[in-house]
Amino acid sequence: MRIVPTTQRRGPALDVAVVGGGMVGAAAALALSRAGFSTALLEAHPPSAWHARDEVDLRVVGLAPSSIVLLEELGVWPSIRDARACPYAHMHVWDAENGAAIDFDAADEGRDLLGYIVENNLVQWTLWQSLEAAGVQRLCPVTVKDFETRADRVVLELAEGESLAVCVLIAADGASSPLRERASIATRGRDYGQRAIVAHVTTEREHARTAWQRFLPTGPFALLPLADGRSSVVWSLPEAEARRVQSLDDAAFLNELGIASDFRLGRITAATPRAAFPLRLQLANTYQADRFVLLGDAAHTVHPLAGQGVNLGLRDVAELRDTLVAARDEGRDIAGAHVLRRYARRRRSADTLDAYGFDALARIYAWQSLPLTVARGLGMRMLDRLTPLKRRIAAHAAGL
Ligand SMILES: Cc1cc2nc3c(=O)[nH]c(=O)nc-3n(C[C@H](O)[C@H](O)[C@H](O)COP(=O)(O)OP(=O)(O)OC[C@H]3O[C@@H](n4cnc5c(N)ncnc54)[C@H](O)[C@@H]3O)c2cc1C
């Protein structure tokens, strides 16, 4: 995809510019444009085209029902679902140390499904396909180098020498967000000292549309169901261990995968090449500055054990759209500090609860002393029987 940059030096500023066209930024641009705001999306790297004949993208995500609702509102969900998405209705979580387990079943929640596993580039590409018709100005490939906040607008400077004036600047530029840094917004969190190894694998037994997650003393190991019958492995390991596992030959890798999965789906007979991603808990101290907001990984990154990163980002998108629409309908300035603060407060408090909740789980499952692992097992067994509490957890994860 090649899109020629456009410049807007004079005249009225656009309502919004979204910087970063990953899944969250592209969804934000589409949502805001559909809601009637003049919108530009600026992205440094053209998204790679998704084709059904291509190998399944190594990066997949579990989309929660709240994300599917948003993608449905944006009109892109049927294309994503029909292209290649695997619905799952069960989740089985078990503890390698004490054998305790928790089962989540969509039927217990009165739903058909818990969610869908989909490829990142399928979601991103499908969103991008809808941008032009929705009237989004796509500036790609361009890199936002700097920005200047004035009384009535923000002026973005592009590395390509162009500039663009907007009322509100929305940074969806990923975990290392250059715009967040430029806005002097600090973050807090911790490096997990872990990497998630990902690969798609063929297993002896079928995945039964179930997301399997085993907590090992070294970190969680997940097998997520793929539409073609294979499963996607997300295996979190301490750095050194991750490097060792990455350097194994194929036969040894398959064998270690089988052991890590407790052979729950039988032997693992084939695997794609692997990739690894560093894991960090990171939360921006605020999601808002003058005429500026953060969303997606630019605002928060969380441990993948709960599979919620992009789901939180898409909840940011829905909240931002609803906040800006409400402000406009009440005749208020969409760039007003009260308006942007309202979005920032709501999303940051929700994300903080989730991010530290997932962090607490990561810490609890790292306990290795016998009394603590026994206590953890008792807690899991109790939770599995406490239907109302389990329901609340499932409803929270669904984001509905
Ligand atoms: C192993 C692993 C498993 C995961 N599993 C799940 C899961 O099951 N469920 C889930 O919900 N989440 C999951 N996540 C998290 C999820 O992948 C991320 O939350 C999501 O991809 C973040 O999307 P984003 O659009 O916010 O950021 P990104 O995808 O990082 O997009 C940022 C974009 O900004 C662009 N950009 C940056 N700077 C500039 C600039 N100056 N000018 C122009 N463009 C710029 C970049 O090119 C990039 O395209 C997982 C993450 C990992 C690592």
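Since every read-out is calculated from the coordinates, none of them should be taken as a lab result. Just so we're clear, the structure is a prediction, and the values are computed from it rather than from any experiment. Here Cβ is always computed from backbone atoms with ideal geometry, including for glycine, and neighbour counts include all displayed protein chains.
If we count other beta carbons within 10 Å of each Cβ, what is the order of HIS92, HIS51, fewest first?
Numbers: HIS92 17, HIS51 10.
The order, fewest Cβ neighbours first, is HIS51, HIS92.
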Equivalent ellipsoid semi-axes, region 233-343, via Cα gyration tensor eigenvalues times 5, rooted, Å: 44, 14, 9
Dipole axis of region 60-205 (+1 Lys, Arg; -1 Asp, Glu on Cβ), positive-most option in VAL60, THR126, TYR192: TYR192
Relative exposure of LEU223, LEU254, judged by other C-beta atoms within 10 Å (fewest first): LEU254, LEU223
Using θ = phi - 60° and Karplus 6.51 cos²θ - 1.76 cosθ + 1.60, couplings along region 171-177 (whole Hz; Gly, Pro as x): 9, 10, 9, x, 4, 8, 2
Share of alpha-carbon pairs per 20 Å distance bin for region 14-363, given as whole %: 30, 56, 14, 0
Rg/Rg_globular for region 303-368, with Rg_globular taken as 2.2 N^0.38 Å and Rg from C-alpha atoms: 1.46
Sites SER79 and LEU113 - FRET efficiency at Förster radius 30 Å, r taken between beta-carbons, to 0.05: 0.95
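Among THR301, THR218, which comes first, second and so on when ranked by fewest other beta-carbon atoms within 10 Å? Don't skip to the answer; put the middle values down first.
Working: THR301 23, THR218 19.
Placing the least packed residue first, the sequence is THR218, THR301.
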Listed peptides 306-316, 177-187, 123-133 by packing density, highest first (mean Cβ within 10 Å): 306-316, 123-133, 177-187
Under Karplus coefficients 6.51, -1.76 and 1.60, residue-wise ³J(HN,Hα) of region 196-204 in Hz, glycine/proline x: 9, 8, 10, 6, 9, 10, 9, 10, 5
CD proxy at 222 nm, helix term only [per DSSP H run n ≥ 4: -39500 (n - 2.57); per residue of the chain; nearest 500]: -11000 deg cm²/dmol
Total charge dipole magnitude, the chain, about the Cα centre, Cβ charges on Lys, Arg, Asp, Glu only, Debye to nearest 20: 700 debye
